[in-house]
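Encoded as structure tokens, the structure appears first; notes follow it.
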Amino acid sequence: MRFTSEQHLDDGVLEREFALGEIPGTLWMPESAAPAPLILIGHNGGLHRREPRLVARARQSAAYGYAVAAIDAPGHGERPRSTVDEQARADLRRAMQAGEPVDEIFESFVGPLVERAVPEWQATLDALLSLPEIGGPVGYSGMTAIGIRLAVVEPRIVAAAFFAGGFVPRAQREEARQTTIPLLFLLQWDDEGNSRQQALDLFDAFGTKEKTLHANMGGHAGTPWFEVDDGDRFFGRHLK
């Protein structure tokens, strides 16, 4: 891991950009507390790790006392998109404009993304936990499909918060039954792009005995900001 920049922010948070091979990432740390437990933030869709709401979430959690890390997934943010990635996005736009079913297109795109992204998260986790200022334990917050796989295969992750507004491939819907860590599941009740019933079915499928559903009125991008506070308290119960 190579740190490429460092900035002291006015809320007592240290922000550091890093590169791990071809993987670009950002680490936010409280300046006054070390070693700190770690939260990994995995973003949905084609978002950049520097997306403003993600950065705001990370800074608030860092001010709360956590180390927080985000990386750009393959084909996202600063990373180049393959021909296959571009074709999948083009097929998705065409199908949505025509009002055609899109689940199989999502399946062909998100499934391979999970397979590529999870090993990168594990390599990032190895590098981050080697730093003296990060002591674990580890939580995950963000994209459900990647988070489910990490919750199943990565024993260092002890709690997770998932956002229901994203496609979950068939393989991860099955893996959900194998999850055993505490979960917080956020659902936007009127999400215009995702099925409420599928999200409720997924919540029911999670195998853990400790799972909490927070459902809020509003569309896909309308998750209330107080859920960030609730998320930090959830992680506080399991990481501190």
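Got a number for residues in the stretch 51-72 being more than 20 Å from PHE226 (Cα to Cα) and modelled with pLDDT under 85? Final tally of qualifying residues: 0.
Of the residues GLY139, GLY166, GLY147, the single one that is closer than 23 Å to LEU213 by Cα, assigned to a helix (DSSP H, G or I) and touching a residue at least 12 places away in the same chain (Cβ under 8 Å) is GLY147. Farther than 19 Å from GLY231 by Cα, within 16 Å of the chain's Cα centre (by Cα), in a loop (DSSP other than H, G, I, E, B) and in contact (Cβ under 8 Å) with a residue 12 or more places away in the chain, is that true of GLY111? Against the criterion (farther than 19 Å from GLY231 by Cα, within 16 Å of the chain's Cα centre (by Cα), in a loop (DSSP other than H, G, I, E, B) and in contact (Cβ under 8 Å) with a residue 12 or more places away in the chain), GLY111 does not qualify.
Among the basic types (Lys, Arg), part of a loop (DSSP other than H, G, I, E, B) and under 20 Å from the mean Cα position of the chain (by Cα) - does that describe any residue in the stretch 116-127? Explain how you work it out, then say what you get.
So in the stretch 116-127, the residues among the basic types (Lys, Arg) come out as 116.
Now restrict to residues that are part of a loop (DSSP other than H, G, I, E, B): none.
No, every residue in the stretch 116-127 fails to be among the basic types (Lys, Arg), part of a loop (DSSP other than H, G, I, E, B) and under 20 Å from the mean Cα position of the chain (by Cα).
Among the residues of the stretch 153-163, not a single one is in contact with a helix residue (DSSP H, G or I) (Cβ under 6 Å, 6 or more places away or on another chain) and assigned to a helix (DSSP H, G or I).
With respect to the conditions (1) surrounded by 18 or more Cβ atoms within 10 Å (Cβ to Cβ); (2) in contact (Cβ under 8 Å) with a residue 40 or more places away in the chain; (3) in a loop (DSSP other than H, G, I, E, B), GLY75 lacks only one, and its number is (2). Of the residues making up the stretch 85-119, just one is in contact with a Ser or Thr (Cβ under 9 Å, 6 or more places away or on another chain) and farther than 23 Å from ARG173 by Cα, namely ASP91. Counting just the residues of the stretch 85-133 that are of a type in the set (Val, Ile, Thr) and in contact with a helix residue (DSSP H, G or I) (Cβ under 6 Å, 6 or more places away or on another chain), which one comes out surrounded by the fewest Cβ atoms within 10 Å (Cβ to Cβ)? Among those that are of a type in the set (Val, Ile, Thr) and in contact with a helix residue (DSSP H, G or I) (Cβ under 6 Å, 6 or more places away or on another chain), it is VAL102.
The values are calculated or read from the model by the stated rules, or taken from the named source; none is laboratory data. These figures come from a predicted structure and were not determined experimentally. As a convention, Cβ positions derive from the backbone with ideal geometry for all residues, glycine included, and neighbour counts pool all protein chains shown.
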